[in-house]
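A quick write-up on the structure given underneath.
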Amino acid sequence: MLTYETWEDKTQDFDSENSTKGALNVLKWAYETYNEELVYACSFGIEGSVLVDLVHQVKPDAQIVFLDTHLHFQETYEVIEAAKKRYPSLRIKLKSPALSLEEQANKHGDELWKVNPNHCCAIRKVIPLEEELNGVTAWLSGLRREQSPTRQNTQFINRDVRFKSIKICPLIHWTWKDIWRYAHKNDLPYNKLHDNGYPSIGCEPCTQTAKTADDLRSGRWSGTEKLECGLHQSQ
Ligand code: SF4
């Protein structure tokens, strides 16, 4: 089994010239290789809606974790409920941070996301994912190369230095159009904020509508230098 220690570049092993641009091939390999030692960390944006559907085709009882910071939009919780109804066999878990919002405010001050968003993301996203990945060998993510310059070198199978894990990204070759074509064709549940100018959706205090149509992540941590929440820094 490929592990963090034995990682090798497997990009050439997967044909990306097919209808899912390699995604289903990668998922089949991933679940055959890791089975219960694979967790999908899903943010339930539109890429998440697509990847959940593809994962369900390959492993109907796959483990999916959503990092519930307690700061998400109501629309995000609604799409999670819709996914649970559509795919009842999937094991979808909402993972909370150790600190409640009140405890975080008492310990680190009010609205930490305004003062030190990296620290806030560490408490509410990075450490909880670290806990979820403890004991598993690999995780899945819906990253696409087109999303941002920080993601353009992402491979199907990545050596994830941050979590000492294997990070599998089946959607790297999908374009924004591919994603929506698939979502509409299959009538997938999706986050309704996408219809209101939010191409990328995270926590409510740190997400605004996109500034330009060319930069799909421009509404995230707008007005700061921050581009990623800390989960994908090795890319
Ligand atoms: Fe905190 Fe914002 Fe990160 Fe959410 S995205 S964990 S609110 S800094």
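Filter region 70-96 down to residues that are touching a strand residue (DSSP E or B) at 6+ places or on another chain (Cβ under 8 Å) and more than 27 Å from Leu27 (Cα to Cα) and give me whichever is surrounded by the most Cβ atoms within 10 Å (Cβ to Cβ). Ranking the qualifying residues of region 70-96, first place goes to His72. Remark: Glu132 matches the filter, which requires a residue to be within 17 Å of Ser43 (Cβ to Cβ), touching a residue at least 12 places away in the same chain (Cβ under 8 Å), within 16 Å of the ligand (Cβ to nearest atom) and out of contact with any Cys (no Cβ under 7 Å at 6 or more places or on another chain). I'd like to check which strands (runs of 3 or more DSSP E) are fully inside region 15-115 and have at least 1 residues that are touching a Ser or Thr at 6+ places or on another chain (Cβ under 9 Å), modelled with pLDDT of 95 or more and not small (Gly, Ala, Ser). The qualifying strands (runs of 3 or more DSSP E) are 38-41, 63-67.
Only residues that are exposed (fewer than 13 other Cβ atoms within 10 Å of the Cβ) and either under 20 Å from Asp160 (Cα atoms) or among the hydroxyl-bearing types (Ser, Thr, Tyr) (or both): list them for region 14-31, please. Scanning region 14-31 gives a single hit, Ser19.
Would it be correct to say that Leu2 is among the aliphatic types (A, V, I, L, M) and within 18 Å of the chain's Cα centre (by Cα)?
On the way: among the aliphatic types (A, V, I, L, M): yes; within 18 Å of the chain's Cα centre (by Cα): no.
Answer is no for this residue.
The values are calculated or read from the model by the stated rules, or taken from the named source; none is laboratory data. Fair warning: this is a prediction, and the values are worked out from it, not measured in the lab. Positions of Cβ are backbone-derived with ideal geometry, glycine not excepted, and every protein chain shown enters the neighbour counts.
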